[in-house]
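Single-structure report; data block below.
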Amino acid sequence: MRYTIQPKYLTHPTRKSTTLMAVAHFDGKRVKKSTGISIPLAAWDQDSKKLKKQCTGWAPGHAIQAHDALRTLEQLLSQRSLQVMADEDRDLNRDEFLGIVEAFTLGANDANRNEEVEALQPDLLEYLAQFIPTATKRRNKHAKGDEERITAKTLQQYTQLEPLLTLFRNWSGRSLDMRTVDVEWHDAFLEWGANIELLGPATLGKRIKSLKRLFYYAKKDGYSVHPDPLSNEDFDKPRQPKNEVQYLNRDELKRIKSLDLSTKPLLSLERDRLIIGCWTGLRVSDLGRLSMDMIKENADGDKFITITTQKTRKKVVIPVLKDVQEVLDRRGCFPRFRTEQSFNAAIKRICELAEINNTVKAEKQGSVFVDRKDEKGRLYKEEVKRKVTGTYKKYELISTHSCRRSFASNWYGSMPNQVIMGITGHSKEEDFLRYIGVTEEENAERFLRFWRDQRRKNGLD
């Protein structure tokens, strides 16, 4: 039996892709069957009647997948044809030919897939390329109202996912077909991310979160996706370690507040921003947005900052505490925002001047070399920024994240967690406790101390 593989369309006025067809002749009649393999129109070489290795706009992962699938089908037809010839001294008949192609298609794809959708089904990278330009116009997956859209901050998570998927495909050779991304794929991705790319659990957790959301949008857009990212509880983020962001305790904040920075106006500016950050619990993205018209006063003369956070779009109301009010009285307004980078560098210098220099064993951003592969599978090494464990002076580890962590940690144990969470914006107590780095044992000890204090106050001891 002889057969050929040819595209359903060589040209088309609107379609950019086509399905490959398996074509054979039986008793003088032409028989054709879709293989389920989708390729760009430009990927077919009409002269050689073969599939090109690459063409403009064809993602390497998709090309590899198409060639592998076609090779598998050809092997199935060849092996079965040889077997029938050896056993029965005849060629494959029409029904056997169609059965082999159909079995291959059902094994690789959804049997009920509409052929037009099949031809346009993108892989993960192709879908990301479609998704990112219009993402901020889409309704947030967890939005409570129709007006909530994907934020620019969340969009960054998708743009950071794109190069990582390319690196993973090049390293592992795994398909990025959304119909095959299952728990086993997820496990391989996490193992590669941790052991080869040297990424921490928090970073990998963000990428898995983005993947799960991406599959939600892809399904909503009508594409076929594997159910695991949407419904399998094992398609989860890696276990998150307790928070290792360094925070400034109350004594350290007093030392920072008492620094004489009269001859250093820029440091004085960033010191005031640090004080406001540590006593409001706001992220640095929100610190730069603070304005005096956000402050309202109640009937008792108490002042509150009302702000909708940039990252989560949650409305939070924060009391203006004494140290914050002192900054506002002195400056007449919130300190003007420079840049996050200048703030990050300045607060390290401020903490150094305040002699916050006890040694801490922790992780700090540093340079390391990781192994990678290019699109042709060739190994190379590349220098990247990763967290490196070592012993450092505490002031070296203070960062913009320390503001929010300082607020949460300094108030923890002094008032109910739900009250603090109402200001930090945490929805789950489990996430809040992990954020401030509290173990179950520490939480129990704080409860015991609180219980004893209450007994003494009530004269029960």
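The values are calculated or read from the model by the stated rules, or taken from the named source; none is laboratory data. Computed from a predicted structure; not experimentally measured. A quick note on method: Cβ atoms are made from the backbone with ideal geometry, for glycine too, and the neighbour counts reach across all protein chains shown. Ligands, DNA and RNA are excluded from the accessible area calculation, which covers all protein heavy atoms including side chains. Shrake-Rupley method; radii C 1.70, N 1.55, O 1.52, S 1.80 Å.
Any residue at all in the stretch 433-449 that is among the hydroxyl-bearing types (Ser, Thr, Tyr) and crowded, with 17+ Cβ neighbours inside 10 Å?
Scanning the stretch 433-449, I find at least one residue that is among the hydroxyl-bearing types (Ser, Thr, Tyr) and crowded, with 17+ Cβ neighbours inside 10 Å, so the answer is yes.
Filter the stretch 450-461 down to the residues that are at pLDDT 70 or above and among the charged types (D, E, K, R), then identify the one that is most open to solvent (accessible area, probe 1.4 Å).
Lys457
Leu190 fails exactly one of the following numbered conditions: (1) without any contact (Cβ under 8 Å) to a residue 60 or more places away in the chain; (2) among the aliphatic types (A, V, I, L, M); (3) part of a loop (DSSP other than H, G, I, E, B). What is the number of that condition?
(3)
Could we say that Arg404 is closer than 17 Å to Tyr247 by Cβ, modelled with pLDDT of 90 or more and outside any loop (DSSP other than H, G, I, E, B) here? Talk me through it step by step, then tell me what you get.
Numbers: closer than 17 Å to Tyr247 by Cβ: yes; modelled with pLDDT of 90 or more: yes; outside any loop (DSSP other than H, G, I, E, B): yes.
Criteria met by Arg404.
Determine whether Gly205 is in a helix (DSSP H, G or I) and crowded, with 19+ Cβ neighbours inside 10 Å.
no
With respect to Leu106, determine if the residue is closer than 30 Å to Thr151 by Cβ, modelled with pLDDT under 75 and open to solvent by 70 Å² or more (accessible area, probe 1.4 Å). Let's see the steps before the verdict.
On the way: closer than 30 Å to Thr151 by Cβ: no; modelled with pLDDT under 75: yes; open to solvent by 70 Å² or more (accessible area, probe 1.4 Å): yes.
No; evaluated as a whole, the condition is false for this residue.
List, please: which pairs have Cβ atoms under 8 Å, are six or more places apart or on different chains, and start with a residue in the stretch 126-155 that is under 24 Å from Ser175 (Cβ atoms) and modelled with pLDDT of 80 or more and end with one that is of a type in the set (Ser, Thr, Tyr) and open to solvent by 30 Å² or more (accessible area, probe 1.4 Å)?
Matching pairs, first to second residue: Tyr127/Tyr223; Ile132/Thr159.
Contact list please: Cβ distance under 6 Å, first residue in the stretch 315-340 and without any contact (Cβ under 8 Å) to a residue 12 or more places away in the chain, second residue not acidic (Asp, Glu), pairs at least six apart or on different chains.
Lys315/Thr308
With (1) part of a loop (DSSP other than H, G, I, E, B); (2) free of Cβ contacts under 8 Å to residues at least 24 places away in the same chain as the list, and Pro163 as the residue in question, which single condition is left unmet?
(1)
Limited to the stretch 193-202, what total is found for residues that are part of a helix (DSSP H, G or I) and either within 15 Å of Thr159 (Cα to Cα) or open to solvent by 60 Å² or more (accessible area, probe 1.4 Å) (or both)? Working first, answer last.
First, the residues of the stretch 193-202 that are part of a helix (DSSP H, G or I): 193-195, 201-202.
Cutting the leftovers down to either within 15 Å of Thr159 (Cα to Cα) or open to solvent by 60 Å² or more (accessible area, probe 1.4 Å) (or both) gives us 195.
Within the stretch 193-202, residues that are part of a helix (DSSP H, G or I) and either within 15 Å of Thr159 (Cα to Cα) or open to solvent by 60 Å² or more (accessible area, probe 1.4 Å) (or both) number 1.
Let's see how each residue does on (1) within 27 Å of Ser342 (Cα to Cα); (2) free of Cβ contacts under 8 Å to residues at least 60 places away in the same chain; (3) in contact with a helix residue (DSSP H, G or I) (Cβ under 7 Å, 6 or more places away or on another chain):
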residue: Asn357; (1), (2), (3): yes, yes, yes
residue: Glu375; (1), (2), (3): no, no, yes
residue: Glu383; (1), (2), (3): yes, yes, no
residue: Thr391; (1), (2), (3): yes, yes, no
residue: Thr400; (1), (2), (3): yes, no, yes
residue: Trp411; (1), (2), (3): no, yes, yes
residue: Ser414; (1), (2), (3): no, yes, no
residue: Asn417; (1), (2), (3): no, yes, yes
residue: Ile423; (1), (2), (3): yes, no, no
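Scan the stretch 231-280 residue by residue and report those that are closer than 24 Å to Ser414 by Cα, open to solvent by 70 Å² or more (accessible area, probe 1.4 Å) and not in a loop (DSSP other than H, G, I, E, B).
Result: Arg250, Asp251, Lys254, Arg255, Lys257.
Which of the residues that make up the stretch 21-79 are in contact with a strand residue (DSSP E or B) (Cβ under 9 Å, 6 or more places away or on another chain), aromatic (Phe, Trp, Tyr) and either surrounded by fewer than 18 Cβ atoms within 10 Å (Cβ to Cβ) or part of a loop (DSSP other than H, G, I, E, B) (or both)?
Result: Trp58, single match.
Given the condition among the hydroxyl-bearing types (Ser, Thr, Tyr), modelled with pLDDT under 95 and touching a strand residue (DSSP E or B) at 6+ places or on another chain (Cβ under 8 Å), answer yes or no: does some residue in the stretch 222-231 qualify? Reasoning before the result, please.
The initial filter retains those residues of the stretch 222-231 that are among the hydroxyl-bearing types (Ser, Thr, Tyr), namely 223-224, 231.
Applying the additional criterion that residues be modelled with pLDDT under 95 yields 223-224, 231.
From the residues that got through so far, the ones that are touching a strand residue (DSSP E or B) at 6+ places or on another chain (Cβ under 8 Å) too are none.
Checking the stretch 222-231: not a single residue is among the hydroxyl-bearing types (Ser, Thr, Tyr), modelled with pLDDT under 95 and touching a strand residue (DSSP E or B) at 6+ places or on another chain (Cβ under 8 Å).
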